[in-house]
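Right, one structure below, let's go through it.
The values are calculated or read from the model by the stated rules, or taken from the named source; none is laboratory data. The shown structure was predicted, so the numbers you read here are calculated from the model rather than taken from an experiment. Don't worry about glycine lacking a Cβ; one is built from the backbone with ideal geometry, like all the others, and counts go over all protein chains shown. Accessible surface is based on the protein model in full, side chains and every heavy atom, while ligands, DNA and RNA are left aside. Shrake-Rupley method; radii C 1.70, N 1.55, O 1.52, S 1.80 Å.
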Amino acid sequence: MVCSGNLCRSPIAEQLLRARMNGYAVRVHSAGVIAEDGARMPQEAATVSRRYGGDPSGHRSRLLTEAQLRESDLVLTATRAQRSAVVRLLPRMSRRTFTIREFSRLVRALLDHDAESHRDPAGLVDAVRSLRGFVTPPEDPSEDDLEDPYRRQIEVYEAVGASLHLCIETIVVALSRIVPLSRPSDVKDVGAKARDAADCPQSLQFELP
């Protein structure tokens, strides 16, 4: 998960996905394209993360590096500009980097039409990438971006948190079907909960400053 300072959007997304995928063999991390290492999340961002089941207590910001990207199978960014920054840092990641709203939108289309044919994470990413250009994009490209709530009103944090929650739940529906279990005794019925949440329309839209 990647955003600017690794203080709000990417850590919330990281913490929500980690919580939903507890017990599955998946590692989730976050970083920022202009982050300073070691900063804590703002209280507002931490509160939003907890509201949706995340654990912000141990988070410290870190700067995105090429080494981190080399170890990643999938990179989800808060905005299209950050996706471009990732690709500039490591061009080969263009095939595995999406904004989180774009990835969620394409995953939803994949689940609607081809829910059972992809049996591993690499295949899922390839299948989602193949839908670029075939699934109708939003009329306003900025709808694939998440607004930056940093140092803004709590309502902005809450809107971003709600949007991330919907995106994460859609992604979990797909991942929980193909990622192997690592600790079966720890797993709750995240798939069923995520499927219920994925039925909610992703209607939140933002205008970027």
Here, Asn22 and Arg40, labelled 7 Å along Cα→Cβ, have an inter-label distance in nm of 2.3
Residues of the range 83-110 with backbone N under 15 Å of the label point set 7 Å from the Cα of Glu139 along Cα→Cβ are none
Note: Arg119 to Ile178 extended length (0.36 nm per residue) minus current alpha-carbon separation gives 20.7 nm
Once all protein chains are kept in place, Tyr24 shows an accessible area at probe 1.4 Å, nearest 10 Å², of 30
Once phi for every residue in the range 64-69 is put through the Karplus expression 6.51 cos²θ - 1.76 cosθ + 1.60 (θ = phi - 60°), the whole-Hz ³J(HN,Hα) values, with Gly and Pro written as x, are 5, 10, 4, 4, 4, 5
The summed charge of the Met93 Cβ neighbourhood (under 12 Å; Lys/Arg +1, Asp/Glu -1) stands at +4
With all protein chains in place and a 1.4 Å probe, Thr136 shows an accessible area in Å² (nearest 10) of 110
Amide H proximity to Asn22 below 5 Å, modelled H, separation 5+ or other chain, gives none
Measure of exposure for Thr99: accessible area at 1.4 Å probe, Å² rounded to 10, is 0
Shape call for the range 36-127, from the Cα gyration tensor axes a ≥ b ≥ c (a/c under 1.5 means rounded, otherwise prolate when a/b beats b/c, else oblate), comes out oblate
Over the range 1-158, with neighbouring protein chains present, the accessible area per residue in Å² at probe 1.4 Å is 50
Taking every other residue with Cβ under 10 Å from the Cβ of Leu69 and scoring Lys and Arg +1, Asp and Glu -1, one gets +1
